[in-house]
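The values are calculated or read from the model by the stated rules, or taken from the named source; none is laboratory data. Values in this document were obtained by computation on a predicted structure and should not be read as measured data. So basically every Cβ, Gly included, is an ideal-geometry build from the backbone, and we count neighbours across all protein chains shown.
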Amino acid sequence: MADFKTLDDIGDVTGKKVLVRVDLNVPMSDGAVADDTRIRAAMPTIRELSDKGAIVLLLAHFGRPKGAKNPTQSLSLVIDGVADVLGHSVMFIPDCIGEGAKAGVAVLAPGDVAVLENTRFHAGEEKNDPAFADALAEIGDIYVNDAFSAAHRAHGSTEGIAHRLPAYAGRAMEAELKALDAVLGNPAHPVAAVVGGAKVSSKIDVLRNLVGKVDHLIIGGGMANTFLAARGVDVGKSLCEHDLVDTANAIFDAADAAGCTIHLPYDVVVAKEFAANPPTRTVNIHEVAADEMILDVGPAAVEALGDVLKSCRTLVWNGPLGAFEIAPFDAATVALARTAAALTREGSLISVAGGGDTVAALNHAGVADEFTFVSTAGGAFLEWMEGKPLPGVDALRS
Ligand code: ADP
Ligand code: MG
């Protein structure tokens, strides 16, 4: 784990130009930053370097300009948002490489913070073109990567540059890597994983990776229906990928071979339509009618799953147990999330969760702050759950 350097190792940065890769790909509304979560995540690193007298140069992508300049995807649009969170002014430099960038950097003083223009305005960024990475590296003295969310991509500003300058993990990156290592790298056993969401097809590689690593694999959400169907359960009108029954059986076999227990619901909440508060029934999985859909895990199964978590020391969670956006199909996700939060609070469980809808569900349950760590990294989090190497992380390893 401790095979990459952090800001603790960076030494004297006074007057040094530090290129910090951050995630500024924030949602906008009416020309202003609509959600500053990602900006806030980068603050500990930005403040620490600025306080130490570094010239802090923020590198980021914004949208998908595909290698061409596009004023609607200029990072100048987020400057005010960054300054608001930082509490003082932030410069904007209208290019991230070349003379334009150098001229902008030249006027900065120690402690200043600047945002460089969208790295994706250059085609070399996404191609990880060596010439582009060379040009980026010319702008600074030191590289810090604080954007775990972009680490699954081998781009110039996430990967190429790390081989050209002394490279360090920023505080947010460090926290993310430590949390992920604590649940799947070197976890305390027993380890439970909760995998939910709509479809098996989007998470086959996650499931395959997890059966070899965790002691308990809890499968919920729409994807549980495919596993139930593989076991011969008639799931009625439920979302179910019948063409993936063989895949589900292969995952059952792999789990058996690895000594991983797969937990599927044995009671479920069903409805005839997917709408708010429709008439529902809570039934045994063998009692789903032909015109009904399974939309949530039932209360008896949720209680049993809570007992599984009580017997575990580590939990990794991706995907809601039911169609949580619509009441009352949020009940199982909320209940199990609260159990996990309580166990974490008591100190008996290390809990890490990630995924767009998962984060929304934990916020909805009011427990996101009580988990040990909640990753907002999306794609990078899923690729890590799949056991794939992350180029942006690997490039930081010495
Ligand atoms: P994440 O974004 O956290 O990775 P996913 O995108 O995989 O999660 O899954 C979330 C989606 O799964 C939600 O839109 C939710 O409504 C849906 N879902 C969960 N359970 C069911 C179910 N039983 N039937 C249909 N959709 C479901
Ligand atoms: Mg999702």
- Query: Yes or no: Ala332 in contact with a Phe, Trp or Tyr (Cβ under 6 Å, 6 or more places away or on another chain), within 20 Å of Ala229 (Cβ to Cβ) and aliphatic (A, V, I, L, M)?
  - Reply: no
- From the list Gly236, Gly221, which residue is assigned to a loop (DSSP other than H, G, I, E, B), assigned by TED's automatic domain parsing to the domain that holds Gly355, under 24 Å from Ala353 (Cβ atoms) and in contact (Cβ under 8 Å) with a residue 12 or more places away in the chain? Gly221
- Query: Which condition breaks for Phe227 when tested against (1) outside any helix (DSSP H, G or I); (2) among the aromatic types (Phe, Trp, Tyr); (3) crowded, with 22+ Cβ neighbours inside 10 Å?
  - Reply: (1)
- Residue count, the stretch 332-362 (criterion: away from ligand 2 (no atom under 14 Å from the Cβ) and over 20 Å from Glu383 (Cα atoms)): 18
- Selection from the stretch 230-281 of residues that are surrounded by 15 or more Cβ atoms within 10 Å (Cβ to Cβ), more than 25 Å from Gly212 (Cα to Cα) and of a type in the set (S, T, N, Q): Ser238, Thr280
- Item | Boolean, Gly170 is surrounded by fewer than 24 Cβ atoms within 10 Å (Cβ to Cβ) and within 20 Å of Ala151 (Cβ to Cβ) | no
- Message: So Val56 ticks every box in (1) at pLDDT 95 or above; (2) not in a strand (DSSP E or B) but one. Which box is left unticked?
- Response: (2)
- Note on the structure: The lone condition Glu386 fails out of (1) within 16 Å of ligand 2 (Cβ to nearest atom); (2) more than 26 Å from Gly298 (Cβ to Cβ); (3) touching a strand residue (DSSP E or B) at 6+ places or on another chain (Cβ under 8 Å) is (3)
- Is one or more of the residues making up the stretch 288-308 assigned to a loop (DSSP other than H, G, I, E, B), among the aliphatic types (A, V, I, L, M) and crowded, with 16+ Cβ neighbours inside 10 Å? yes
- Task: Exactly one condition in (1) at pLDDT 95 or above; (2) within 12 Å of ligand 1 (Cβ to nearest atom); (3) hydrophobic (A, V, I, L, M, F, W, C) is not met by Ala377; state its number.
- Result: (1)
- Being of a type in the set (Lys, Arg) and surrounded by 19 or more Cβ atoms within 10 Å (Cβ to Cβ) is the filter here, so list the residues in the stretch 94-151 that pass it. Arg120
- Exception for Val200 within (1) in a loop (DSSP other than H, G, I, E, B); (2) aliphatic (A, V, I, L, M); (3) in contact (Cβ under 8 Å) with a residue 60 or more places away in the chain falls at (3)
- Note on the structure: Here, helices (runs of 4 or more DSSP H) confined to the stretch 89-177 with at least 1 residues that are in the same structural domain as Phe62 (by TED's automatic domain parsing) and at positive phi are 98-106
- Task: May I ask you to list the residues in the stretch 298-329 that are more than 15 Å from ligand 2 (Cβ to nearest atom), within 16 Å of Gly221 (Cβ to Cβ) and not hydrophobic (A, V, I, L, M, F, W, C)?
- Result: Gly298, Pro328
- Message: Filter the stretch 327-361 down to the residues that are part of a helix (DSSP H, G or I) and over 25 Å from Glu273 (Cα atoms) and list them by number.
- Response: Ala337, Arg338, Thr339, Ala340, Ala341, Ala342, Leu343, Thr344, Arg345, Glu346, Val359
- Checking Thr344 against (1) more than 9 Å from ligand 1 (Cβ to nearest atom); (2) within 17 Å of the chain's Cα centre (by Cα), the condition it does not meet: (2)
- So Pro44, is it in a loop (DSSP other than H, G, I, E, B) and out of contact with any Cys (no Cβ under 7 Å at 6 or more places or on another chain): no
